[in-house]
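Notes follow the structure.
The values are calculated or read from the model by the stated rules, or taken from the named source; none is laboratory data. Because the structure is predicted, anything quoted here is derived from the model rather than measured. Virtual Cβ from ideal backbone geometry, glycine too; neighbours counted across all protein chains shown. Each accessible area value is taken on the protein alone, full model and side chains, heavy atoms only, with ligands, DNA and RNA left out. Shrake-Rupley method; radii C 1.70, N 1.55, O 1.52, S 1.80 Å.
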Amino acid sequence: NIMPKQELNNEAIKAIASYMFYTELEKPNWFDKPIKNEHNEFIIDGLELNNGQKWHANPETTSGINKMIEITNQLKDDPGLEDYQALALELESIKSEILNQCTMDGIAHDNLHSFLMPLIRKINGLKEIETIEKGDKVFSRIQRHLSKYNEFFI
């Protein structure tokens, strides 16, 4: 009842990862729903502590996440579509800086990706909003997601 182990070489794995990262896949209906644990707390799938301790992130990553938190906190009250789209572009720019400056490796890096990948999808979703109501929802999810960073990384 489980998928059998796939024998793939490094080139095939890189090709699959590249395809998944750069290809726009259709979102399933459940995709934008936040994941919660049995205590109804928001969680990020695949993200865990390092034996009860926070992971050490490179300073550029932490600085970038802090910039994202700062600009989301500065969004004006009652934002319009243009405000959300401008915010999405700012977040996209910071995200690119984080990815370009990342020096992490190993399990800490894997956990960082568990944090970043859903955030990237949310930022992409903010770029695509067509209503203020959808913008409000995606923005709220981005803020909630960013708020989890300091629970897992130092």
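Table: residues versus (1) surrounded by 14 or more Cβ atoms within 10 Å (Cβ to Cβ); (2) farther than 18 Å from SER18 by Cα; (3) within 14 Å of the chain's Cα centre (by Cα); (4) of a type in the set (Lys, Arg).
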site	(1), (2), (3), (4)
CYS102	yes, no, no, no
HIS109	yes, no, yes, no
SER114	yes, no, yes, no
MET117	yes, no, yes, no
ASN124	yes, no, yes, no
GLU130	no, yes, no, no
LYS134	yes, yes, no, yes
VAL138	yes, yes, yes, no
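Would you pick out the residues in segment 95-106 that are in contact (Cβ under 8 Å) with a residue 40 or more places away in the chain and either part of a loop (DSSP other than H, G, I, E, B) or among the aromatic types (Phe, Trp, Tyr) (or both)?
Looking only at segment 95-106, we keep the residues that are in contact (Cβ under 8 Å) with a residue 40 or more places away in the chain, and these are 101-104.
CYS102, THR103, MET104, listed by residue number.
Could you please find all residues in segment 38-94 being at positive phi and either assigned to a helix (DSSP H, G or I) or open to solvent by less than 60 Å² (accessible area, probe 1.4 Å) (or both)?
We begin by selecting, within segment 38-94, every residue at positive phi; these are 40, 46, 51-52, 78.
The answer is GLY46, GLY52.
Restricting the search to segment 144-154, which residues are surrounded by fewer than 15 Cβ atoms within 10 Å (Cβ to Cβ) and part of a helix (DSSP H, G or I)? Lay out the reasoning, then the answer.
So the first thing to find is which residues in segment 144-154 are surrounded by fewer than 15 Cβ atoms within 10 Å (Cβ to Cβ), and the list is 144, 147, 150-151, 154.
The answer is ARG144, SER147, ASN150, GLU151.
If you check ASP45 against the conditions, is it modelled with pLDDT under 85, under 30 Å from THR103 (Cβ atoms) and in contact with a helix residue (DSSP H, G or I) (Cβ under 9 Å, 6 or more places away or on another chain)?
Details: modelled with pLDDT under 85: yes; under 30 Å from THR103 (Cβ atoms): yes; in contact with a helix residue (DSSP H, G or I) (Cβ under 9 Å, 6 or more places away or on another chain): yes.
Yes; evaluated as a whole, the condition is true for this residue.
Within segment 2-21, does at least one residue satisfy the condition of being modelled with pLDDT of 90 or more and of a type in the set (Phe, Trp, Tyr)?
Checked segment 2-21: no residue is modelled with pLDDT of 90 or more and of a type in the set (Phe, Trp, Tyr).
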